[in-house]
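What follows is a structure written as structure tokens; I'll ask about it next.
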């Protein structure tokens, strides 16, 4: 019994934390099922007295092109992840396994890049996008994020844990450094790539700041910006419909994380943090 007490306490603390984290989602789903009159009632009941799910979700899909907005999110996040891995993996391999002058200085610049938020460079990015005619295109949502310093840092830490003997054996077999990256390093770094992909998709699916600056057309909106357009599209105080749209936009991300959580945990636990 004495040994079980710490475990029970941990479960109670974790359970309380889970309730705090999940309550806003439960409230969001509950509100999406209620009519407007019940949303503003004095009580706080999660189960609606009058069900209005059909009307609320119908508005979510008809007031704005919800299908196109979700597709935009998938295309933008998928393209960003693909380019980030393609560019970051060779850079991380060079910083982890190749010996050249200035390597530590370059890695210090990578660490410095982690401290620079998108807000600090949004004005020059906007000016460049306007000059190149990229505003109001999906490209403007992808190009600024194709290079991720966080991906370089994460992959570099993981690749440093790969035995040098494996790299030397690949070189002895006649593989070029490029072939080593894609045929040896990538399969071994797949857990880290999976974990980073989840980080990247979550970040860019939920990103509102840059799309709000670069996109003004509804059919090019990403999910958070589409939700903002939905709020402005004759919704007013119809919070039931607004929460229904929020559920529709949130559900793919939650489903993606639930399906990939094993890879995420594996990638985070296997990623070394060697200097």
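The values are calculated or read from the model by the stated rules, or taken from the named source; none is laboratory data. Small disclaimer: the values here were computed from a predicted structure and weren't measured. Ideal geometry is used to build each Cβ from the backbone, glycine not excepted, and the neighbour counts take in all protein chains shown.
Residues that are in a loop (DSSP other than H, G, I, E, B), touching a residue at least 40 places away in the same chain (Cβ under 8 Å), touching a helix residue (DSSP H, G or I) at 6+ places or on another chain (Cβ under 6 Å) and within 25 Å of residue 205 (Cα to Cα): does region 76-91 have at least one? Write out each step before concluding.
As a first pass, look at region 76-91 and keep what is in a loop (DSSP other than H, G, I, E, B): none.
No, region 76-91 contains no residue that is in a loop (DSSP other than H, G, I, E, B), touching a residue at least 40 places away in the same chain (Cβ under 8 Å), touching a helix residue (DSSP H, G or I) at 6+ places or on another chain (Cβ under 6 Å) and within 25 Å of residue 205 (Cα to Cα).
Looking at region 57-76 only, could you name the residues that are surrounded by 18 or more Cβ atoms within 10 Å (Cβ to Cβ), more than 19 Å from the chain's Cα centre (by Cα) and at pLDDT 90 or above?
Across region 57-76, the qualifying residues are 57, 66.
Separate question: Starting from residues that are assigned to a loop (DSSP other than H, G, I, E, B) and in contact (Cβ under 8 Å) with a residue 12 or more places away in the chain, keep the ones in region 1-39 and report whichever is farthest from residue 254 (Cα to Cα). Talk me through it step by step, then tell me what you get.
First, the residues of region 1-39 that are assigned to a loop (DSSP other than H, G, I, E, B): 1-3, 33-35.
Next cut, in contact (Cβ under 8 Å) with a residue 12 or more places away in the chain only: 33-35.
Numbers: 33: 19, 34: 22, 35: 25 Å.
Within region 1-39, the match that is farthest from residue 254 (Cα to Cα) is 35.
Please go through region 46-75 and give me each residue that is touching a helix residue (DSSP H, G or I) at 6+ places or on another chain (Cβ under 8 Å), assigned to a loop (DSSP other than H, G, I, E, B) and either free of Cβ contacts under 8 Å to residues at least 24 places away in the same chain or within 22 Å of residue 24 (Cα to Cα) (or both), ordered by number.
46, 47, 48, 49, 50, 52
Can you list the helices (runs of 4 or more DSSP H) lying wholly within region 102-201 that have 3 or more residues being closer than 30 Å to residue 255 by Cα?
139-142, 149-159
Let me ask something additional. Identify all residues within region 206-232 that are in contact with a helix residue (DSSP H, G or I) (Cβ under 8 Å, 6 or more places away or on another chain) and assigned to a loop (DSSP other than H, G, I, E, B); write none if there are none. Walk me through how you get there before you give the answer.
Just the residues of region 206-232 that are in contact with a helix residue (DSSP H, G or I) (Cβ under 8 Å, 6 or more places away or on another chain), to begin with: 206-215, 218-231.
Those that are in contact with a helix residue (DSSP H, G or I) (Cβ under 8 Å, 6 or more places away or on another chain) and assigned to a loop (DSSP other than H, G, I, E, B): 206, 207, 208, 215, 221, 222.
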